[in-house]
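Data first, discussion second: the structure below is written as structure tokens.
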Amino acid sequence: MRKLIILGLLAATVIPGVASAQSLGEARRSERNLRDEKRDLHQAQRYGDRRDVRDERRDVREARQEAREDWRDYRRTHRDVYRGGNWRAPFRYSQWNAGSQLRPAYYNSRYYINDPQRYRLARPGTNMRWVRHYNDVLLVNVRTGRVVEAHRSFFW
């Protein structure tokens with residue numbers, strides 16, 4: 001009976017569980033861990049043997065997967081929709097492509113994403129704004145109304 005309990009505990013620690021990032025700090029720690037694993041892989045490629053390289057590649061793969069899961073969990077638990085943000089527009093959904101021309105109602109300040117780094121979006125250039133259109137994210141030139149970039153189903 002005692003051996004069974006010990007084996008169960010070992011299995012629980014060896015089998016990776018589902019990562020769930022509840023905070024931004026945890027997601028950033030997993031990114032830092034991924035960078036460390038990549039550095040270790042580089043060192044193994046320079047100074048180690050084939051077994052070291054294979055082990056480090058596996059570690060990088062696992063760290064990358066964990067970082068991806070942590071960011072996915074963080075975005076899922078910190079959506080603006082759950083905090084009362086109303087991103088539903090008074091017009092129906094349209095699928096926009098880069099180069100499309102928008103009317104000002106589609107990209108007014110109500111739909112701006114004020115902190116794009118929070119969503120891991122690139123910093124917009126001059127006269128550019130990230131705009132949320134339903135579940136899509138559009139990079140719009142606010143002077144001309146042209147869509148520069150479009151990410152579909154970004155929030156789901």
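The values are calculated or read from the model by the stated rules, or taken from the named source; none is laboratory data. No experiment lies behind these values; they were computed from the predicted model shown. No Cβ is skipped: glycine too gets one built from the backbone with ideal geometry, and neighbour counts run over all protein chains shown.
A few comments on the model shown:
- Residues that are touching a helix residue (DSSP H, G or I) at 6+ places or on another chain (Cβ under 8 Å) and either hydrophobic (A, V, I, L, M, F, W, C) or outside the structural domain of Asn97 (by TED's automatic domain parsing) (or both), drawn from region 121-145: Ala122, Trp130, Val131, Val137, Leu138, Val140, Val142
Each row is one residue, and each column tells you yes or no for (1) within 20 Å of Tyr93 (Cα to Cα); (2) of a type in the set (S, T, N, Q); (3) without any contact (Cβ under 8 Å) to a residue 12 or more places away in the chain.
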residue: Ala105; (1), (2), (3): yes, no, no
residue: Asn108; (1), (2), (3): yes, yes, yes
residue: Tyr111; (1), (2), (3): yes, no, no
residue: Asn114; (1), (2), (3): no, yes, yes
residue: Gln117; (1), (2), (3): no, yes, yes
residue: Arg120; (1), (2), (3): no, no, no
residue: Gly125; (1), (2), (3): no, no, yes
residue: Trp130; (1), (2), (3): yes, no, no
residue: Arg143; (1), (2), (3): no, no, no
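- Tally of residues being at pLDDT below 90, more than 29 Å from Asp73 (Cβ to Cβ) and buried (at least 18 other Cβ atoms within 10 Å of the Cβ) across region 111-152: 0
- Residue pairs whose Cβ atoms lie under 7 Å apart, sitting 6 or more positions apart in sequence or on different chains, and linking a residue in region 68-80 that is farther than 16 Å from Val137 by Cβ to a partner that is at pLDDT 75 or above, are Asp70/Glu26; Asp70/Ala27; Asp70/Ser30; Tyr74/Leu24; Tyr74/Ala27.
- Tally of residues being assigned to a loop (DSSP other than H, G, I, E, B) and touching a strand residue (DSSP E or B) at 6+ places or on another chain (Cβ under 8 Å) across region 96-106: 6
- Residue ID - farthest from the chain's Cα centre (by Cα), chosen from residues in region 107-156 that are part of a loop (DSSP other than H, G, I, E, B) and of a type in the set (Gly, Ala, Ser): Gly145
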